[in-house]
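Please read the structure below before turning to the comments.
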Amino acid sequence: MSYPAIESTTLVETADGGGDERRRGRLRRSKIAERSESAASRLSSPWASAVAILVAILWTIPSVGLLVTSFRPELDIRRSGWWTGLTGPFTVQNYETAWSGSGGLGPFFVNSFVITLPAVLIPITIALLAAYAFAWIDFKGRNFLFVAMFALQVVPLQVALVPLLKAYVDMGINGTFWSVWISHAMFGLPLAIFLLHNFMKDIPPALVEAARVDGAGHVKIFFQVLLPLLVPAIAAFGIFQFLWVWNDLLVGLTFTDTGSRPITVAIAELAGSRGGQWHLLTAGAFISMIVPLVVFFSLQRYFVRGLLAGSVKG
Amino acid sequence: MDWLLRPEAAGEKIVVMVIAILLFAAVMALILFAVDRPKRISGTVVAVAFAGPAIILVTIGLIYPAILTIINSFKNKNGSAWVGLDNYSQAFSNPELLLVLRNTAIWVILVPLLSTALGLIYAVLVDRTRGEKVAKALVFLPMAISMVGASIIWKFVYEFKPNQPGVKQTGLLNQVIVWLGGEPQQFLSTQPWNTFFLIVVMIWIQTGFAMTILSAAIKAIPDDIIEAARLDGLKGMSMFRYITIPSVRPALVVVLTTIAMGTLKVFDIVRTMTGGQFGTSVVANEFYTQQFRQANQGLAATLAVILFVLVIPIVVYNIGQMKKVEEIR
């Protein structure tokens, strides 16, 4: 019974094969409209939308609780649940104490910043060059080396931490920013090379060939032909690496000391030693989240792309 | 030179950071300059200049340490004597370590299944609805924050106060239980359920990931298929069962395996919420405890190697599926 309808769509589409782009566009648009209509009718089934809204609320409530609590006076936090204090009173006292009180998070926030910037720039630069070599320079063992690099993506950091720690101690740089920068750079490379290589391979070889014919060397091709085209890829990986380093606990815990500790480590320690002091913990946790949240809301598109691409790291 | 290694004031730290970046830029510029100058230069030299730094760094940063760790796993506490497979037999016979392995297994089974299922259902429910963007952002948000932050958020949800007159609950979950007429619980220290309450945190984080990938896969289902199915009278649940699920199957597998890999290595949540106490430790956390608390380097190395070995089959499967997904695209 449904055959005629299907046939007619197929017919329309073969007729379109002739090149009537506009008509095809119109057809597609009407289909999208149809589909959204059908989705709407599906969701007008009230309990389907109820479930969706319920999940969204469930997912959001824990974070709202943290946010509200961080603005409540210390005594109120201890005496009653945050849901009773939705109308105030509110204060920023917790943030002041968490930021600059004894053992305040201010210096650790600076540390996170100081750690993150080089830990993003260094692997991206090195990886861009390596990805270029793997994509556009012919040399012996290229395929083997690239596959090896690809495989290294999944090595759990745990297998590398202890020998590296010993090497840093021997060199006298353990607990300094240098050891953290180097570690993050090394750990970030395999994924960075893999991602950037994929993007470089998508660039039409004709572009590179044309530049070569014009007498451009590899360095010139890299900077003038490829780099401008790679901006979205660099942004996606850059954001991923930025958040990975900013949110990292394991590397920071292993390689830093009090002077170079990132904010995640400081807060994890606060949770262990002063677990009951929620006025400090909630404000502190929010201070550590503010940077990722800003990145998330301002660069959502790149952010999702980067996160998805990098999801196997670690 | 000491301030270069251990700067104290914020200003000094930033200066050191700038110096490090400039130093790095100078080295890279020097390398590029060197291979750019000569008119005729062999491809191999250029390749070494471009790929060399990366290969050297991963060799000293990943390959060499990994080999050392594998060797250490056959040595004793402080690495002074060979012990053969003792560490491995201990890992698989000591009751405490068996508990760690059991917990890890529970994590790796439950987190991928539940977060993928939730992510899929949610993606279908919000697909092409009016508030789709906002609805997705809300569920994806936990992916953006650190696992330490997520752990603190949930520790607060699980907060416990003894049930006495005049004492109000401050943890939301216990308040809900009290509202329903129950006794408040110590969620994080009551075995064996505490492991499940930690798992909830990981599901809370990973569902956003599953939802995003699966939502993209759902949108990629060709219109003709859906139309044909609808004309055949499929709708609602049967559409989901016979069209949506088979169409996104490859993406489902990728999501499952990717989350499984991440879960296998989970460390931050356990460490921040319980420190691995009350029988909640997992392999990645036990590695840290054995190495830095118990000073048992041999056993720690063994746990790291076990982690490595467990990841490999999932990775191999994941890569195979990923290729399939790409071919379909």
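No value in this document is a laboratory result; all are computed from the given coordinates. A quick note: this is a predicted structure, and the numbers were derived from the prediction, not measured. As a convention, Cβ positions derive from the backbone with ideal geometry for all residues, glycine included, and neighbour counts pool all protein chains shown.
Please give the FRET efficiency for B:Gln186 paired with A:Ser102, using the beta carbon to beta carbon distance and R0 = 30 Å, rounded to the nearest 0.05.
0.50
Note on the stretch B:36-170: semi-axes of the ellipsoid equivalent to its C-alpha gyration tensor, largest first and rounded to whole Å, are 44, 34, 17. Put in line by how crowded their Cβ is, counting other Cβ atoms within 10 Å and starting with the fewest, A:Trp47, B:Trp3 read A:Trp47, B:Trp3. Taken as Cα centroids, the stretch A:72-106 and the stretch B:66-138 sit 35 Å apart, rounded to the nearest whole angstrom. Dividing the convex hull volume of the alpha-carbon atoms in the stretch B:87-328 by its residue count gives 159 Å³ per residue. With all projection directions averaged, the alpha carbon convex hull of the stretch B:45-95 covers 5.1 nm².
Stretching B:Ile245 away from B:Ile225 to a fully extended chain increases their span by 5.9 nm, per 0.36 nm per residue minus the current alpha-carbon distance. Considering helices alone, the calculated mean residue ellipticity of chain B at 222 nm is -22000 deg cm²/dmol, with DSSP H runs of length four and up weighted by -39500 (n - 2.57) and normalised per residue. Label sites at B:Asp2 and A:Thr258, each approximated as a point 7 angstrom past Cα along Cα to Cβ, lie 1.5 nm apart.
Counting beta carbons within 10 Å around each of B:Ile31, B:Ile199 and listing the fewest first gives the order B:Ile31, B:Ile199. The calculated pair-distance distribution of the protein assembly as shown uses every alpha carbon pair, bins of 20 angstrom beginning at 0, and gives 17, 48, 30, 5, 0 percent. With the simple model of a label 7 Å out from the Cα in the direction of the Cβ, B:Asn94 to A:Ser273 spans 2.8 nm. I'd like the FRET efficiency for A:Trp47 and B:Ala10, computed as 1/(1 + (r/R0)^6) with the beta carbon distance as r and R0 of 51 Å, rounded to 0.05. It comes to 0.40. From the square roots a ≥ b ≥ c of the eigenvalues of the alpha-carbon gyration tensor of the stretch B:2-83, which class results: rounded (a/c under 1.5), prolate (a/b over b/c), or oblate? Judged from the Cα gyration tensor, the stretch B:2-83 comes out oblate (a/c at least 1.5, b/c at or above a/b).
Taking one equal scatterer on every alpha-carbon of the stretch A:163-261, how large is log10 of I(q)/I(0) by Debye at q = 0.12, 0.23 1/Å? Ignoring solvent entirely, the Cα scatterers give -0.57, -1.11. Sorted ascending by nearby beta carbons within 10 Å, beginning with the fewest, B:Asp2, A:Asp76, B:Asp223 become B:Asp2, B:Asp223, A:Asp76.
Starting from the Cα of A:Arg78, step 7 Å toward the Cβ, then list every residue of the stretch A:263-278 with an amide N under 15 Å from that point. What the label zone holds, given the 15 Å backbone N cut-off, is A:274-278. Between B:Gln277 and B:Ser42, the modelled labels are 6.4 nm apart [label points 7 Å from Cα along Cα→Cβ]. Note on A:Lys201 and B:Val18: with the Förster distance fixed at 35 Å, the Cβ-Cβ geometry gives a FRET efficiency of about 0.55. Name the shape class, rounded, prolate or oblate, that the alpha-carbon gyration tensor gives for the stretch A:106-309, where a ≥ b ≥ c are the square roots of its eigenvalues, rounded holds for a/c under 1.5, and otherwise prolate holds if a/b is larger than b/c and oblate otherwise. Prolate.
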